[in-house]
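Below you'll find the structure, written out as structure tokens, and then a few comments.
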Amino acid sequence: MGIRTFAILMCSVSILASCGQERPEVLELSGSTMGTRFSIKLPTLPAAVDPDALQQDIDNELLQIEMQMSTYRVDSDVSQFNVSDSVDWQSVPVELCNAVEESLVISEKTSGAFDITVGPLVNLWGFGPDGIVRSPPPDREIETAKTRVGYSHLQADCSKPAIRKDIPRLYLDLSAYAKGYAVDRISELLDKMEIADYLVEIGGEMKLRGFNAEKQKWAVAIEAPLQNERQVQRIFRITNQSVATSGDYRNFFESNGQIFSHTIDTRTGRPVRHGLASVTVVAETTAIADALATALLVLGPEDGMMLAQREGLAAYFLIRTSGGIEAKMSPAFALIGEES
């Protein structure tokens with residue numbers, strides 16, 4: 001974990017004349033969590049807030065979330081639930097219970113395209129804590145894993161707080177929710193400290209509050225879905241909202257010339273196979289944006305857009321076609337911010 005201060009160096013053509021001037025300094029707090037990196041940019045900081053103490057508070061908050069939700073920690077609350085064969089109610093921290101409860105609501109809304117019980121399939125395909133694989137698993141193993149999957153087998157009662165499963169080997173995997181949830185938790189921490197302007201980002205999921213160092217809305221870049229290079233597809237400006245992207249072009253393996261993405265469709269038990277390469281969702285909370293981006297990617301370009309239109313979701317789709325990458329946006333996305 002560490003603290004560093006940096007100056008924004010990149011200048012667009014439109015402000016090239018001012019690039020020789022001194023740029024405002026921005027405090028950045030950074031470190032590692034959940035197998036990825038986090039970055040928190042703070043253009044302004046109240047005098048009463050000590051940066052070193054704030055870094056420690058952030059580290060502690062992220063560690064607590066890992067201890068509740070990480071499948072990579074055998075001592076986490078979710079791992080303890082996963083190894084238990086009990087179908088009785090099991091007490092869990094209220095934060096984990098709330099996360100499960102909200103996940104079940106999103107599962108219902110997306111007809112299971114988002115499903116936190118996908119873990120056995122994720123592990124089978126080599127994208128979980130059990131380790132990587134180099135070739136697709138046999139059909140019989142996929143069908144066996146599918147018998148352990150299904151959000152309808154999971155319940156939450158946060159008045160206790162507790163969760164339960166009605167099949168003993170149900171396995172929770174919150175990886176498509178937890179990073180966004182962690183962003184929201186850190187944002188709440190900053191709000192309590194009356195920090196008005198910030199960008200919180202964990203593994204590409206982010207929340208933006210207030211304004212950047214130039215007193216403008218934050219500029220958000222959507223990457224082009226390219227496997228071997230990084231290129232910006234679109235930049236737009238927003239504030240006081242959350243952004244999450246799901247794509248098939250970063251975490252995958254190749255076998256016999258075929259690409260297998262880490263995004264698993266629980267209905268088939270297999271990685272998604274369609275032209276939708278990535279989806280970016282803008283929402284009020286990062287956890288919801290994270291979960292919905294995954295759901296839309298699972299559904300594909302047609303069904304995903306239908307869901308986005310029906311639910312009024314702000315979503316930006318990048319679709320592979322014979323002519324290259326085609327961008328489509330939902331009506332709600334067209335209203336959320338100007339292109340930069």
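Of note:
- Only lysines eight or more places from K146 in sequence, or on another chain, were considered; those with a Cα closer than 26 Å are K109, K165, K179.
- q = 0.10, 0.15, 0.20 Å⁻¹: log10 I(q)/I(0) that the Debye formula gives for segment 186-298, counting C-alpha atoms only: -0.36, -0.72, -1.07
- Listed from fewest to most Cβ neighbours within 10 Å, the set V26, V183, V105, V122 follows the order V105, V26, V122, V183.
- Gain on full stretching of the segment that runs from E108 to N240 - 0.36 nm per residue minus C-alpha separation: 44.8 nm
- Rounded to whole Å, sorted largest first: equivalent-ellipsoid semi-axes of the chain, Cα gyration tensor: 34, 26, 18
- Cα-based helix-to-principal-axis angle, 178-192 vs the chain, degrees rounded to 10: 40
- Estimated distance in nm for a label pair at R73 and Q155, the labels positioned 7 Å out from Cα along Cα-to-Cβ: 2.9
- Nearest-ten-degree value, helix 94-109 long axis tilted from longest Cα axis of the chain: 80
- Cα gyration tensor category, rounded, prolate or oblate, for segment 270-311 with a/c compared to 1.5: oblate
- Of the residues I116, I167, the one with the fewest other Cβ atoms within 10 Å heads the list, and the complete ranking is I167, I116.
- Taking amide H as placed 1.01 Å from N in the peptide plane, I238 has its amide H under 5 Å from the amide H of W218, V220, each at least 5 places away in sequence or on another chain.
- For Q233, the amide hydrogen comes within under 5 Å of the amide hydrogens of I222, E223, A224, counting only partners 5 or more places away or on other chains and with H modelled in the peptide plane.
- Gyration tensor verdict on segment 135-253 (Cα atoms; rounded if a/c is under 1.5, prolate if a/b is larger than b/c, oblate otherwise): oblate
- Positive-pole candidate from L96, S159, G126, dipole of segment 74-165, charges at beta carbon: G126
- On the principal axes of its alpha carbon atoms, segment 106-146 extends 34, 21, 12 Å, with the longest extent given first.
- In plain terms, the residue of S255, S159 with the fewest other Cβ atoms within 10 Å comes first and the most crowded comes last, giving S159, S255.
- Helix 286-311 vs. the chain, principal-axis angle (Cα, 0 to 90°, nearest 10): 70
- Couplings 3J(HN,Hα) for segment 117-133, derived from phi with the Karplus relation 6.51 cos²θ - 1.76 cosθ + 1.60 (θ = phi - 60°), are 8, 6, x, x, 6, 4, 5, 4, 8, x, 10, x, x, 6, x, 7, 10 Hz, where x marks Gly and Pro.
- Within straight-line reach of K217, meaning a Cα separation under 22 Å, sit the following lysines at least 8 residues removed in sequence or on another chain: K41, K192, K207.
- Fraction of the pair-distance distribution of segment 29-144 above 24 Å, Cα-Cα pairs, percent: 46
- q = 0.12 Å⁻¹, segment 90-177: log10 I(q)/I(0) [Debye, one scatterer per Cα]: -0.38
Computed from the coordinates by the stated procedures, all read-outs in this text should not be read as laboratory data. In this text the structure is predicted, and so the values were computed from the model without any measurement. Please note: Cβ atoms are built from the backbone with ideal geometry, for glycine as well, and neighbour counts cover all protein chains shown.
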